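Derivation of every value follows stated rules applied to the coordinates shown; laboratory data play no part. Fair warning: this is a prediction, and the values are worked out from it, not measured in the lab. Neighbour counts are summed over all protein chains in view; Cβ atoms, including those assigned to glycine, are modelled from backbone coordinates with ideal geometry.
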There are 2 protein chains.
Amino acid sequence: MTAAPRRTPAITPAPSLTAPVEDYLKAIYDIQQGGEAATTNALAERLALAPASVSGMVRRLATQGLLDHEPYRGARLTPAGRAAALRTLRRHRILESYLATVLGVPWDDVHAEAEQLEHAASDTLIDRMARALGDPLFDPHGAPIPTRDGVVDETRHTTLADWPLGTRGTVMSVSDKDPVMLRYLGELELRPGAMVQVHARAPYDGPIDVMVGAELRQIGPTAARAVRIASIA
Amino acid sequence: MTAAPRRTPAITPAPSLTAPVEDYLKAIYDIQQGGEAATTNALAERLALAPASVSGMVRRLATQGLLDHEPYRGARLTPAGRAAALRTLRRHRILESYLATVLGVPWDDVHAEAEQLEHAASDTLIDRMARALGDPLFDPHGAPIPTRDGVVDETRHTTLADWPLGTRGTVMSVSDKDPVMLRYLGELELRPGAMVQVHARAPYDGPIDVMVGAELRQIGPTAARAVRIASIA
DNA sequence: CCGATAATTTCGGATAAGCGAAATCACTTC
DNA sequence: GAAGTGATTTCGCTTATCCGAAATTATCGG
């Protein structure tokens, strides 16, 4: 191993990355954010690719200094990789906010549309959209929007599946990955800002009784895991 | 100066085309619209590619039924190719209009931005933007916007370089290809809608004296060729 | 009709991204 | 501590898009 000059890169992630590369970095960020290791398999599943393909790309990105990779162990973003991931995340979430707020795109469609546009929109366009929205801090699903300089709230909130019985809380965010799930949660009024209180949880992954606003609902554990809660401030 | 709108037979523009393919089709449409033959070299220059690359792609697109190609002669869009080109053109021009009108992107920047986004935005998003604008018929540079069904005004207007002396006319459109040129034309107030009258033309590609509104300007023939004029109605 | 020139195509090769099958490694279990 | 299992990587190959150099074709001037 030659002692490569390991400068901690400034916030500027050099040249424009390809769409697949941005997707890998975003996925790795996301998995790390969930506290898990960004293994080949986890990445392959999230990106809907064959593990073999992920192996190759991860090696390439590691040589490009965007992530650290110990073979058979998993990948971890370098500062440069993290910066790139956050830039893409900002684009994604600003776009989601803009599409939902200004153009009235239904909130369960916004994710897929933003997924495409995030690779094409220029930085200045994203900033224009952000300004038009009043530089929002959260997207329509409650996810925090990184600033232009890569500052982002990374608080990990408890999911509704783990929220203590009896305690009142607020919905902070819902997962935006699955449009069907989103539509379902929308029907239950489980959107960011909603007040909740878990009354009971049946054992063995049974249904959860939860007050949403003034309504008593029953939801399954999978849906509950997509909803993140915080104490009322 | 030919006439009037044209209807394209409803042909399913098969599965989503790649960005390069859409660019080729758009370029061919554009060149044909200018009355010239879409030769390999013309395409190579417009797309900033090597002629060898164009040869290969044109052959491929011909086998896919998007264009007719006689080797050593040039390419011509089939109905399917034309439909695909017009779909991309609609996206491009709706995006230009939206960016300029709603988001305040400077009119010399909108082309480059739209060039990227047109390959990523969904059809329904484009329609949403169009509706938000009141389904405009022309983009900010005066170019006609095809409808969802591929109807577009293909009138070919005379350029300012050929406009008869003394006759008053209206600027119908300006070329959006070169941002520097656009900025220049903007400074001269040569935008769609402006009234013009050519007073004199110096020989040998000399400068052109032209009244723009109430101002007398002098412009060169290259700039004049980017401005299209029609009689006042 | 015959080249010369210019346009076009063909050829071999490069890069990015992906896949399936086979080999390899890590970890748990006996 | 060996073996089996599942995760990971390697290998060979595919597709899309691009390039430069060499070969080919069209066309125009005489």
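Worth pointing out:
- Fewest-first sequence of A:H157, A:H141 by Cβ atoms within 10 Å of each Cβ: A:H157, A:H141
- Counting only residues at least eight positions apart within a chain, or on another chain, the lysines with an alpha carbon under 27 Å from that of A:K26 are A:K177.
- Pairwise centroid distance, computed over Cα atoms, of the stretch B:44-121 with the stretch A:163-233, Å: 47
- Spin-label pair A:S122-A:Q33: with each label point 7 Å from Cα along the Cα-Cβ axis, the two points sit 2.7 nm from one another.
- Positive-end ranking of B:A226, B:L133, B:V171 along the dipole of the protein assembly as shown, with charges on Cβ about the Cα centre, is headed by B:A226.
- Alpha-carbon spread of the stretch A:30-70, three principal axes, descending order, Å: 24, 22, 14
- Shown in residue order for the stretch B:32-38 are the 3J(HN,Hα) couplings computed by the Karplus curve 6.51 cos²θ - 1.76 cosθ + 1.60 at θ = phi - 60°: 4, 4, x, x, 8, 7, 7 Hz (x for Gly and Pro).
- Residues whose amide H lies under 5 Å from that of A:T158, counting only those 5 or more places away or on a different chain, are A:I229; hydrogens are built 1.01 Å from N in the peptide plane.
- Counting beta carbons within 10 Å around each of A:H199, A:H69, A:H111 and listing the fewest first gives the order A:H199, A:H69, A:H111.
- Sequence of A:D68, A:D30, A:D23 once ranked by neighbouring C-beta atoms within 10 Å, starting from the fewest: A:D68, A:D30, A:D23
- Amide H contacts of A:F138 (H built 1.01 Å from N, under 5 Å, at least 5 apart or other chain): A:I145
- Of the trypsin sites (Lys or Arg not before Pro) in the stretch A:103-176, those whose Cβ has at most 12 other Cβ within 10 Å and which sit in DSSP loop: A:R156
- In chain A, excluding the sites themselves, the longest stretch lacking any of the chymotrypsin sites (Phe, Trp or Tyr not before Pro) that are in a DSSP loop with at most 10 other Cβ atoms within 10 Å is A:73-203.
- The phi torsions of the stretch A:176-182, fed into the Karplus equation with coefficients 6.51, -1.76 and 1.60 and a -60° offset, translate into couplings of 9, 5, 10, x, 5, 4, 4 Hz, rounded to whole numbers, with Gly and Pro shown as x.
- Placing a label point 7 Å from the Cα of B:D135 along the Cα-to-Cβ direction, the residues of the stretch B:103-129 whose backbone N falls under 19 Å from that point are B:123-129.
- Ellipticity estimate at 222 nm from DSSP helix runs (n ≥ 4, -39,500 (n - 2.57)) divided over chain A, nearest 500: -12000 deg cm²/dmol
- Amide H contacts of A:S173 (H built 1.01 Å from N, under 5 Å, at least 5 apart or other chain): A:R228
- Under 15 Å, Cβ to Cβ, from B:R191 - net charge with Lys/Arg +1 and Asp/Glu -1: -4
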